[in-house]
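The values are calculated or read from the model by the stated rules, or taken from the named source; none is laboratory data. Quantities reported herein were computed from a predicted structural model and do not represent experimental measurements. Neighbour counts run over all protein chains shown; Cβ positions are idealised from the backbone, glycine included. Just so you know, the surface numbers come from the protein's heavy atoms only, side chains and all, with ligands and any DNA or RNA stripped out. Shrake-Rupley method; radii C 1.70, N 1.55, O 1.52, S 1.80 Å.
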Amino acid sequence: MARDNSEVTGASGIDAEDEAQLGDRKFYRAEQEADFADQQPQHTPQTAHPAYRLAFRDTDFLLRDELRPVRFQLELMKPEMLLDEARVGSTLVMYGSARIPPPESVEIALAGAKDLPADEREVVERLAAKSKYYTEAYRLARAATERSIIEDGRRQFVVCSGGGPSIMEAANRGASDAGGESIGLNIVLPHEQAPNPYVTPYLAFQFHYFALRKMHFLIRAKAVAVFPGGFGTFDEMFELLTLIQTGKMKPIPVLLFGREFWTQVIDFDALAREGVISRRDLDLITWCETAEDAWRAIAEFYRLDR
């Protein structure tokens, strides 16, 4: 028997057409309830008080110390859900310094350092000499993106960086110039921090918690390329190596670019000699100097056509 709902309004003020849909949900969505709340009078002492706000719209409430576990969950779920909707199956994560200049800025940097004290000038010169790693990060990201591997409808080896400048910019830039999308996982810092312009806008995320950001770096990672960097790069690299060493994470290629740099700042062999790691733990590292070295290692590990 046909149903006629024309010009009928339910007690709630919602059109009967909406209420009469078979199989439709019978509880309003949160955004609908928020609209209802906005339509209510707000001129009484009760409705004007913060206690009356819907909890999920009350920023002051959500920022209370007691709500930290909820914020953890939100920072876990938001990127996870959006990356899943974007059909990102796996990532190629790229760590590295935020201070190494791109090749096109080297001459300007060196010219600006001419009148600096000798020790400061040498720092600039050393950073400028590392601009080759910007180039290799760019080339690796571009190579991975151009191959555009898709399995079961999901994109594999999507480039993922920390979203900032220097090596991170090179990674997103390489993917962008290859015509692909890439991820940027930015972190709120006391000083200015913004995504580099090459991160795909709908894959640009901002984190409050370093722990959740680092988790998202590795949830989908199928390979991690580590370029010369400072404390942040060390932190990310050693956590990754620890997770694999202890069996908490399945082995993946850990591609360490710049053997001269890394063996100067970390004596890996000394760690093994002193017995605080085993000699075989050093096999977790694959040394690379070029993008070709890195992609070859990835292809061999996953038995890909190069």
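Considering the stretch 78-120 alone, what residues qualify as being in a helix (DSSP H, G or I) and within 14 Å of the chain's Cα centre (by Cα)? Outline the logic, then answer.
Let us first name the residues in the stretch 78-120 that are in a helix (DSSP H, G or I), namely 78-85, 103-113, 118-120.
Correct list: K78, P79, E80, M81, L82, L83, D84.
E75 - would you say it is open to solvent by less than 100 Å² (accessible area, probe 1.4 Å) and assigned to a helix (DSSP H, G or I)?
Numbers: open to solvent by less than 100 Å² (accessible area, probe 1.4 Å): yes; assigned to a helix (DSSP H, G or I): yes.
In short, yes.
Residue-wise test of (1) over 32 Å from the mean Cα position of the chain (by Cα); (2) open to solvent by 60 Å² or more (accessible area, probe 1.4 Å).
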position	(1), (2)
A30	no, no
P45	yes, yes
P50	yes, no
R57	no, yes
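Give the residues of the stretch 237-266 that are touching a Pro at 6+ places or on another chain (Cβ under 7 Å) and over 15 Å from E136 (Cβ atoms), sorted by residue number.
I244
Give the residues of the stretch 253-275 that are under 21 Å from W295 (Cα atoms) and open to solvent by 20 Å² or more (accessible area, probe 1.4 Å), sorted by residue number.
Listed by number, the residues that qualify are R259, E260, F261.
E151 versus (1) free of Cβ contacts under 8 Å to residues at least 60 places away in the same chain; (2) farther than 18 Å from E292 by Cα: which is the lone unmet condition?
(1)
Please enumerate the residues belonging to the stretch 47-97 that are small (G, A, S) and more than 22 Å from A30 (Cα to Cα). Talk me through it step by step, then tell me what you get.
If we filter the stretch 47-97 for residues that are small (G, A, S), which is where we start, we get 48, 51, 55, 86, 89-90, 96-97.
Once the filter is applied, which keeps residues that are small (G, A, S) and more than 22 Å from A30 (Cα to Cα), the stretch 47-97 yields A86, G89, S90, G96, S97.
Looking at (1) within 21 Å of H216 (Cα to Cα); (2) open to solvent by less than 60 Å² (accessible area, probe 1.4 Å), which is the one condition that is false for A143?
Answer for A143: the failing condition is (1).
Rundown of residues vs (1) within 12 Å of the chain's Cα centre (by Cα); (2) more than 28 Å from R126 (Cβ to Cβ); (3) at pLDDT 95 or above, yes/no style:
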residue	(1), (2), (3)
E151	no, yes, no
E169	no, no, yes
S176	no, yes, yes
H191	no, no, no
T200	yes, yes, yes
R220	yes, yes, yes
P253	no, no, yes
